[in-house]
Amino acid sequence: MEISLLKEIKAALNAKFYEREAEVEAILIALLSRQHVLMVGPSGTAKSALAIEFAKIIQGSQYFQWLLTRFSTPDELFGPLSLKDLEQGVYRRNTETKLPEANLVFLDEIFKSNSAILNSLLTIINERVFYNDGSPIKVPLISVIGASNEYPEEGEGLEALFDRFLLRFEVEYIADNSNFISMMKNTGHNVQIPTITMENLKQFQSLTDSVIIPDEVFKAISKIRQELRDEGIRPSDRRFKQSLSVLQARALIRKRNIVRVEDLVILENIVWETIDQKDTVSFIVRKYAQDTVIQKIDSIQNELRDVYNAIKLDNSVEAGMEATQKMKALEADLSKLKLNQQGRDEEIDALLVKVQSIQQEILNSVLEPMFYDALHSKNEIEKSSGIFYRM
């Protein structure tokens, strides 16, 4: 079983679901780390489609999906009471095909949960235990994917449920026009997505648990925590502790057996408590989530942007030639970075391709007018030559 299979699954889902890269990785990370994911966004943004696709990927898994309303009953989620047992005075539910027997669960409109189901739901999500006739029964739950069109309002008594979702993502409609057209044309509809078995998943989870977290990462987390506290943001110790498994899963997906400080970037989807804290959390997390490679890549991206903007303002041949030289220097910097930083090919190659593409674009814009100028000069010479010979 190759770890590269995780990367193949991720790539295939990204080809099928446009502009859902973050959510695809989040669900994959949740499955590896046995955590839960919340997706908040309008209807029609592929939240349930993603969950169903993951259920198909994990062969042999039990999947449960339900749309909650204010009137949802315990029977709908946990199964009806057994009439036979009820005759004997036993208050036992028949949980077959219901949430207590599922490995992967998708609950739509999760914050429509009412008091009749809330306590049992919280216990299952947090402790993986369902009380049937008072007896605690361990459930095989791996992850719950919750979805909602909106965040819960204060005072609704849903704070505990909201806190149970370690990973939180906002989902929007497709922004890029070309991606929207591709979605409309079902361009990624026939993408073949690799599958794994439940046993494969357990092996991947075991590998996730063995990923090393170095001291520099722990120290960075401590600094993030302190800066958040300075801003009045106080995530629970439990949330920080649970985030370690997420960092390990993120590293494994990238075929690493050690967490890097760059993996800390996912904490921006974990350690905020209220919506108004998101920007502050993101700023603080990203400050500590950048290693030297990321910093160098960001620097080159900024230079690339400057060169590209400059050539748009001045598209003369001279400016084009100068821009081409700068692009060659950036390409050399990236090649050197790739040589010195083994195992970082994916990030560096992505920018290298971009640099080469823009460099070719600039070259085309420079060579095209030069070609026409040369052609024009050639015609003038031929005309002059003709006159000379006629003389």
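Quick notes
- Largest GNM mean-square fluctuation among VAL271, VAL285, VAL293, using the chain with Cα springs under 10 Å: VAL293.
- Shape category assigned to the stretch 92-249 from the gyration tensor of Cα positions, a/c cut at 1.5: rounded
- Selected from VAL281, VAL217, VAL90 as most flexible by GNM, with the chain as the system and alpha-carbon contacts under 10 Å: VAL90
- Across the stretch 99-141, the convex hull enclosing all Cα atoms gives 67 Å³ per residue.
- Around SER115: net Lys/Arg minus Asp/Glu count, Cβ-Cβ under 13 Å: +1
- From its DSSP helices (H runs of at least four residues, each -39,500 (n - 2.57)), the chain gives a residue-normalised ellipticity at 222 nm of -18500 deg cm²/dmol.
- Cα gyration tensor shape of the stretch 19-77, rounded if a/c is under 1.5, else prolate or oblate by comparing a/b with b/c: oblate
- Peptide ranges 201-212, 140-151 listed from the most packed, as the mean C-beta count within 10 angstrom indicates: 140-151, 201-212
- Kirkwood estimate for the stretch 30-116, i.e. one over the average of 1/r between Cα atoms, Å: 14.7
- Simple Cβ-charge dipole of the stretch 1-143, Lys/Arg +1 and Asp/Glu -1, about Cα centre, in debye nearest 20: 60
- Beta-bridge orientation, the chain: approximately 20 percent antiparallel, per DSSP, counting only bridges with both partners inside.
- Each of TYR173 and SER43 was given a label point 7 Å from its Cα along the Cα-to-Cβ line. The distance between the two points is 1.4 nm.
- A 1.4 Å probe run over the chain, with the rest of the protein chains in place, finds 54 Å² accessible per residue.
- Of all DSSP beta bridges in the stretch 61-144, antiparallel share, percent nearest 5: 40
- Take each peptide in 107-119, 21-33, count the other Cβ atoms within 10 Å of every residue, and average; sorted highest first, the result is 21-33, 107-119.
- Residue pairs, from the table LYS10/LYS241; LYS7/LYS255; LYS223/LYS296; LYS296/LYS338; LYS296/LYS326; LYS255/LYS287, whose Cα atoms sit over 19 Å apart: LYS10/LYS241; LYS223/LYS296; LYS255/LYS287
- For the chain, the ratio of Cα radius of gyration to the globular rule of thumb 2.2 N^0.38 Å stands at 1.30.
- GNM flexibility winner over the chain from GLY157, GLY89, GLY44 (Cα, springs under 10 Å): GLY89
- Stretch gain in nm, segment ASN309-GLU127, where the contour uses 0.36 nm per residue and the Cα spacing is subtracted: 60.1 nm
- Between the beta carbons of SER282 and ASP75, assuming R0 = 30 Å, the FRET efficiency works out to 0.10 to the nearest 0.05.
The values are calculated or read from the model by the stated rules, or taken from the named source; none is laboratory data. From a predicted model like this one, the values you see are computed outputs, not experimental measurements. We place every Cβ from the backbone using ideal geometry, glycine too, and count neighbours over all the protein chains shown. Surface areas here come from the heavy atoms of the whole protein model, side chains and all, with no ligands, DNA or RNA. Shrake-Rupley method; radii C 1.70, N 1.55, O 1.52, S 1.80 Å.
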